[in-house]
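Here's the structure, in structure tokens; my notes come after.
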Amino acid sequence: MRQRVITAIIAIPIACFLVRRGGIFCALGVALLVFVSWREYKNMLLQKGYHVYYLTGCLPALLLVVAAALGKLTLWGVPLLTITILAIMLEALVNHARGQWAFEMALTSGGVLYIGLLFAHFILLRNITGASYTTGLIGTMSLGEALLWIVMLGTWSSDTFAYIFGCTFGKHKLMPAVSPKKSVEGAVAGFIGCILVIVLLGCYCLSFTIVQVLPLGLLVAIFAPLGDLVESILKRFCAIKDSGNFFPGHGGVLDRCDSLLFAIPLAYYYIEFFLL
């Protein structure tokens, strides 16, 4: 517990600083998360005897973050992913003697999408432009920053409510073969808590209507726990407890960001196409 508290005391102010400053600071923070996540992904799969590639896997994942930071992901995304897939196939061909070329090609390609493409949406959401908002606690906040905070707080609320109510009232297992500790009661509490937080913040802080912000709450409430379950089944496949130890006492980057990796991209597209 002491280690968890110390990590939180250090990590939370750093995360707040990066999100608040945006720009190059936020991009560098996300790039670090991508790099560490790739190492975790690589090490997890090595436990099962599978290799993923750094040059044609980790590098393109980082380049997707760069493209998002430069506002070019829409323009550069498809060409970059096309070149990446071809490069991965060629590296798999070079390493065919290991007898795992199909697995290595598929797992590396999946890693680029799971880690690189999804993390890039953190920057896309943060960089949304629009009217700024003034809060009594931290001053002026851009629209993108405010929306990113709302989605992150909604996601964390989902995790927190699910944990508290699951530990207290949980009796019915949700998906025991994937995550034995998760319960139906906890999932329901997380779903309701997430929607309440997002609707309240969206309506009272950003002046959206309930009709506008309720679908956003539903998206995050549904897909945030699914992101958690996807990472859980990956860890179960690799027979490990945590993806890493980047956050001592809390686990790895993928452990801490699994829900956000599903929630933020879907929230971004809803906001871009339907909310603004």
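The values are calculated or read from the model by the stated rules, or taken from the named source; none is laboratory data. Since this is a predicted model, take the numbers as computed values, not measurements. Every residue, glycine as well, gets a Cβ built from its backbone with ideal geometry; the counts of neighbours run over all protein chains shown.
The rows are residues; the columns are (1) farther than 23 Å from Ser142 by Cβ; (2) touching a residue at least 24 places away in the same chain (Cβ under 8 Å); (3) among the acidic types (Asp, Glu).
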| position | (1), (2), (3) |
| --- | --- |
| Gln3 | yes, yes, no |
| Ile9 | yes, no, no |
| Phe17 | no, no, no |
| Phe35 | yes, yes, no |
| Tyr41 | yes, yes, no |
| Gln47 | yes, yes, no |
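Considering every residue within segment 202-219, establish whether at least one is among the hydrophobic types (A, V, I, L, M, F, W, C), buried (at least 18 other Cβ atoms within 10 Å of the Cβ), part of a helix (DSSP H, G or I) and out of contact with any Gly (no Cβ under 8 Å at 6 or more places or on another chain).
Within segment 202-219, one or more residues are among the hydrophobic types (A, V, I, L, M, F, W, C), buried (at least 18 other Cβ atoms within 10 Å of the Cβ), part of a helix (DSSP H, G or I) and out of contact with any Gly (no Cβ under 8 Å at 6 or more places or on another chain).
Inspect all residues belonging to segment 38-57 and state whether any of them is modelled with pLDDT of 95 or more and over 21 Å from Leu234 (Cβ atoms).
No, segment 38-57 contains no residue that is modelled with pLDDT of 95 or more and over 21 Å from Leu234 (Cβ atoms).
Go through segment 42-73 residue by residue and tally those that are assigned to a helix (DSSP H, G or I) and not β-branched (Val, Ile, Thr).
We begin by selecting, within segment 42-73, every residue assigned to a helix (DSSP H, G or I); these are 42-46, 54-69, 73.
After this cut, where a residue has to be not β-branched (Val, Ile, Thr) as well, the list is 42-46, 54-55, 57-64, 67-69, 73.
So the answer is 19.
To keep it simple, each residue is scored yes or no on (1) surrounded by fewer than 17 Cβ atoms within 10 Å (Cβ to Cβ); (2) in the same structural domain as Met44 (by TED's automatic domain parsing); (3) in contact (Cβ under 8 Å) with a residue 12 or more places away in the chain; (4) charged (D, E, K, R).
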residue	(1), (2), (3), (4)
Leu64	no, yes, yes, no
Leu86	yes, yes, no, no
Arg98	yes, yes, yes, yes
Leu107	no, yes, yes, no
Gly111	no, yes, yes, no
Leu118	no, yes, yes, no
Ala131	yes, no, yes, no
Ser158	no, no, yes, no
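Here are some residues: Ile233, Ile164. Which one is within 19 Å of Ser259 (Cα to Cα), more than 21 Å from the chain's Cα centre (by Cα) and surrounded by fewer than 19 Cβ atoms within 10 Å (Cβ to Cβ)?
Ile164
For Gly186, indicate whether it is in contact with a Gly (Cβ under 6 Å, 6 or more places away or on another chain), crowded, with 22+ Cβ neighbours inside 10 Å and under 30 Å from Leu107 (Cβ atoms).
no
Consider segment 8-56. How many of its residues are more than 19 Å from the chain's Cα centre (by Cα) and of a type in the set (Gly, Ala, Ser)?
Here the count works out to 1.
The rows are residues; the columns are (1) in contact (Cβ under 8 Å) with a residue 40 or more places away in the chain; (2) surrounded by 15 or more Cβ atoms within 10 Å (Cβ to Cβ); (3) of a type in the set (D, E, K, R); (4) not assigned by TED's automatic domain parsing to the domain that holds Pro225.
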{"position": "Phe237", "(1), (2), (3), (4)": "yes, no, no, no"}
{"position": "Asn245", "(1), (2), (3), (4)": "no, no, no, no"}
{"position": "His250", "(1), (2), (3), (4)": "yes, yes, no, no"}
{"position": "Val253", "(1), (2), (3), (4)": "yes, yes, no, no"}
{"position": "Cys257", "(1), (2), (3), (4)": "yes, yes, no, no"}
{"position": "Pro265", "(1), (2), (3), (4)": "yes, yes, no, no"}
{"position": "Tyr270", "(1), (2), (3), (4)": "yes, yes, no, no"}
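Taking the criterion of being aromatic (Phe, Trp, Tyr) and more than 22 Å from Arg236 (Cα to Cα), would at least one residue in segment 87-103 satisfy it?
Yes, there is a match, as at least one residue in segment 87-103 is aromatic (Phe, Trp, Tyr) and more than 22 Å from Arg236 (Cα to Cα).
Please specify each residue of segment 16-28 satisfying the condition of being closer than 29 Å to Leu107 by Cβ and either surrounded by 19 or more Cβ atoms within 10 Å (Cβ to Cβ) or not assigned by TED's automatic domain parsing to the domain that holds Leu73 (or both). Give the derivation first.
Just the residues of segment 16-28 that are closer than 29 Å to Leu107 by Cβ, to begin with: 26-28.
If the condition is that a residue be closer than 29 Å to Leu107 by Cβ and either surrounded by 19 or more Cβ atoms within 10 Å (Cβ to Cβ) or not assigned by TED's automatic domain parsing to the domain that holds Leu73 (or both), then Cys26, Ala27 are the ones that fit.
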